[in-house]
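Student: Submitted below is the structure of interest, expressed as C-alpha cells.
The values are calculated or read from the model by the stated rules, or taken from the named source; none is laboratory data. Owing to the predicted nature of the structure, the values given are computational and were not obtained by experimental measurement. In this analysis, Cβ positions are derived from the backbone assuming ideal geometry, glycine residues included, and neighbour counts consider all displayed protein chains.
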Amino acid sequence: MVEVSVGVLQDKELLKTPFTDEELLEIAKKYGTPIYIIDENTLIEKVKELKEAYKAFIGDVKIAYSIKSNFNPFVIKTFIKQGLMFDIASLGELYFISKLNVNSENLIYTSVTETYEEFLEAIKKGVKRFVVASYNGAMNLIRAAKESPYPLQVMIRVNPQINVKAYVRASFRHGKFGVPFNSSTRDSALVILKEIVKSENLKFDGLHFHLGSQILDPSSFIVALDKVENFMLKVKKEFRELNLNTLDIGGGTPVCYDEPVLKAKDMGEMIVKRLNGLIDYFSERPTLIIESGRFLSAEACVLISKILNVKEFEGEKYLYLDSGYHLLLDSVLVKQSYPVRTLGKREERRELKVHMAGLLCDTSDVFHLSPLSEVGNGDVGDYVAFYKVGAYSIVFNLPFHCQVKPAILFKDRLGNIKIARERESLEDLFMEEGGYLALREDI
C-alpha cells in the first residue's frame with residue numbers, strides 16, 4: 001500500500017455555499033417549494049479546480065463530464081462553453097447532447113449493454129469514439145462499424161480488480177464493469193485488443209478504467225496504473241507499433257458532504273507523478289482524460305424545502321418537510337448525508353435529537369443529517385436548504401405518491417435567475433402515466 005499524505009478540506013470549506021440565506025429565502029417565497037437552484041459560477045469553478053489538479057501532466061489533459069449525474073440542459077450548456085468532453089452511456093443521453101449541438105469529437109460513448117443496434121444508432125448520430133467492455137460488445141461494434149464512413153476510435157474498459165477505498169466501488173473481482181487485463185476467457189482486454197487490431201473499421205485508441213465514486217485513498221490509482229504499465233509492456237511485445245493514444249482514468253474525485261476529504265489538487269498531483277513516470281518509460285504522450293460527474297455538479301445545487309409539521313418526544317424532535325427521498329434518492333440508496341440548514345436562523349444549542357422526515361408514507365423517508373447540519377431550531381413554516389445536491393438527485397426524481405417534479409432555477413454567471421425546468425403539474429403527471437388513455441370513451 002502506498003503511503004498517502006495529502007491535504008484535506010477543513011470545516012470552513014465544507015460549509016462554503018454558493019447562495020446566501022437571504023437569496024434562498026427570497027427564492028422560496030417567490031417560486032414556492034420544494035425547488036432546486038443551480039449556480040453556474042460554481043460549475044465553472046469546479047472545472048477550473050479539476051484542470052488545475054492535473055496541470056503538471058506532461059501530455060494533453062481533457063475533462064469529460066459524465067452527464068448521468070445531472071443532465072439538465074442548462075448544466076450541459078455550461079460545460080459546453082467550458083470546452084469539456086462528454087461521457088455518455090445511453091441513446092437517451094446522446095439525444096440530449098445532440099439537441100444541444102455538441103461537437104461529436106467531444107463525445108465518449110460508454111454503453112453498458114453494448115448491443116449492435118445501440119452502437120449502430122450512435123454511429124448514425126455521429127459518435128466517433130467508443131468504449132468497449134466485453135468481447136460481445138467488441139464484436140457488435142466491429143459489425144456496426146462497417147456502416148461508418150470513417151474508422152472509429154475505441155478504448156477498452158479494463159477492470160484492474162483492485163481494492164478501492166471509496167463510498168461506491170467500481171473495481172473488484174468479477175465486477176459488473178470492464179474486463180480483466182488478461183484471463184482464461186475471451187472477456188479479457190488482450191483478447192479484445194487483438195480483435196480490434198484485426199478490424200479494418202476500428203482503431204485502438206487506448207485504455208479506460210473507473211475505480212469508483214468518492215474515492216478516499218488515491219493510492220488505488222497508482223496500483224491501477226502499475227497494472228496498465230505491465231499490460232502495455234506485454235502488448236508491445238506483440239504489437240510493436242501500437243500506441244496508447246488515450247488513457248481515461250475515470251472519476252472518483254470526492255465531494256465534501258459531511259467530513260474532510262482529499263483536495264482535488266493533492267489527489268491529482270499524486271496521480272500525475274505516476275502518470276508522468278509511465279510516459280517517460282514508454283516515450284509516449286497519451287491524452288489524459290479525467291471523467292467527472294459528481295465533483296463537477298454536486299456543489300452547485302441547493303434544494304430548498306419547507307417545514308410543514310413538527311413533532312416532539314422525550315428528548316427527540318421530528319421535522320416534516322414538503323420534500324422526501326423522491327427528490328434526494330441517494331439519501332436512501334447510499335445513505336448520503338447532506339449538509340442541511342434552517343434558513344435565516346442562528347442555531348441554538350439544544351438537547352433534543354433532531355430527525356428530518358419527508359412527506360412520503362415510507363419508513364425509509366428520513367434524511368441522514370450531516371454533522372454540519374443546523375436544523376435544531378426549525379419550526380413550522382421555516383425553510384431549510386439541502387446543500388451539494390447537484391449530483392444524482394434531479395436525475396432520480398420519482399413520482400411516488402403522485403409527487404410532481406419540482407422546478408429548477410439556474411443562476412447564471414452574471415447573477416440572473418432563470419427557470420431551467422418548470423414545475424410539473426398533476427395534470428402533466430396524470431397524462432404522462434396514461435390518463436389520456438384511461439379517459440378515452442371506448443375504454
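Student: Take the residues of segment 127-159 that are part of a loop (DSSP other than H, G, I, E, B) and among the hydrophobic types (A, V, I, L, M, F, W, C): which is surrounded by the most Cβ atoms within 10 Å (Cβ to Cβ)? First the steps, then the outcome.
Tutor: Applying the first criterion (part of a loop (DSSP other than H, G, I, E, B)) to segment 127-159 yields 127-128, 133-134, 146-151, 159.
Checking the rest, the ones that are also among the hydrophobic types (A, V, I, L, M, F, W, C) come to 127, 133.
Numbers: Val127: 21, Ala133: 24.
Of everything passing the filter in segment 127-159, Ala133 is surrounded by the most Cβ atoms within 10 Å (Cβ to Cβ).
Student: Additional query: Scan Ser69, Ser111 and give me the residue that is of a type in the set (S, T, N, Q), in the same structural domain as Glu284 (by TED's automatic domain parsing) and under 25 Å from Phe204 (Cα atoms). Let's see the steps before the verdict.
Tutor: Values: Ser69 fails: under 25 Å from Phe204 (Cα atoms).
Within the list Ser69, Ser111, the selection yields Ser111.
Student: Out of Arg294, Arg274, I need the residue that is out of contact with any strand residue (DSSP E or B) (no Cβ under 8 Å at 6 or more places or on another chain) and either within 24 Å of Val131 (Cβ to Cβ) or β-branched (Val, Ile, Thr) (or both). Which one?
Tutor: Values: Arg294 fails: out of contact with any strand residue (DSSP E or B) (no Cβ under 8 Å at 6 or more places or on another chain).
From the options Arg294, Arg274, the qualifying one is Arg274.
Student: Is one or more of the residues making up segment 74-97 over 22 Å from Ala298 (Cα atoms) and assigned by TED's automatic domain parsing to the domain that holds Leu50? Full working, then the answer.
Tutor: Keep residues of segment 74-97 that are over 22 Å from Ala298 (Cα atoms), which gives 91, 95.
Checking which are assigned by TED's automatic domain parsing to the domain that holds Leu50 leaves us with 91, 95.
Yes - at least one qualifying residue is present in segment 74-97.
Student: If you don't mind, another one. Go through segment 30-126 and tell me which strands (runs of 3 or more DSSP E), entirely inside it, have 1 or more residues that are among the basic types (Lys, Arg).
Tutor: Details: elements: 35-39, 61-66, 85-88, 107-110.
Where strands (runs of 3 or more DSSP E) fall fully within segment 30-126 and carry at least 1 residues being among the basic types (Lys, Arg), they are 61-66.
Student: Out of (1) within 21 Å of Asn201 (Cβ to Cβ); (2) free of Cβ contacts under 8 Å to residues at least 60 places away in the same chain; (3) not acidic (Asp, Glu), what's the single condition that is false for Tyr135?
Tutor: For Tyr135, the failing item is (2).
Student: Within the bounds of segment 385-406, is there any residue that is of a type outside the set (Val, Ile, Thr) and free of Cβ contacts under 8 Å to residues at least 12 places away in the same chain? Please lay out each step first, then the result.
Tutor: Step one: list which residues in segment 385-406 are of a type outside the set (Val, Ile, Thr), which gives 385-388, 390-393, 396-403, 405-406.
Still in the list and also free of Cβ contacts under 8 Å to residues at least 12 places away in the same chain: none.
Checking segment 385-406: not a single residue is of a type outside the set (Val, Ile, Thr) and free of Cβ contacts under 8 Å to residues at least 12 places away in the same chain.
Student: Still on this structure, I have one more. State which residue pairs qualify: first residue among the β-branched types (Val, Ile, Thr) and inside segment 227-241, second residue surrounded by 12 or more Cβ atoms within 10 Å (Cβ to Cβ) and part of a helix (DSSP H, G or I) in any location, beta carbons under 8 Å apart, and separation of 6 or more residues or different chains.
Tutor: Val228/Leu278; Val235/Leu190; Val235/Leu193
Student: Given the conditions (1) more than 28 Å from Val127 (Cβ to Cβ); (2) part of a loop (DSSP other than H, G, I, E, B), report the number of the one that Lys237 does not fulfil.
Tutor: Every condition holds for Lys237 apart from (2).
Student: Give me a count of the residues in segment 59-85 that are under 17 Å from Thr110 (Cβ atoms) and either of a type in the set (D, E, K, R) or in contact with a His (Cβ under 7 Å, 6 or more places away or on another chain) (or both).
Tutor: Final tally of qualifying residues: 2.
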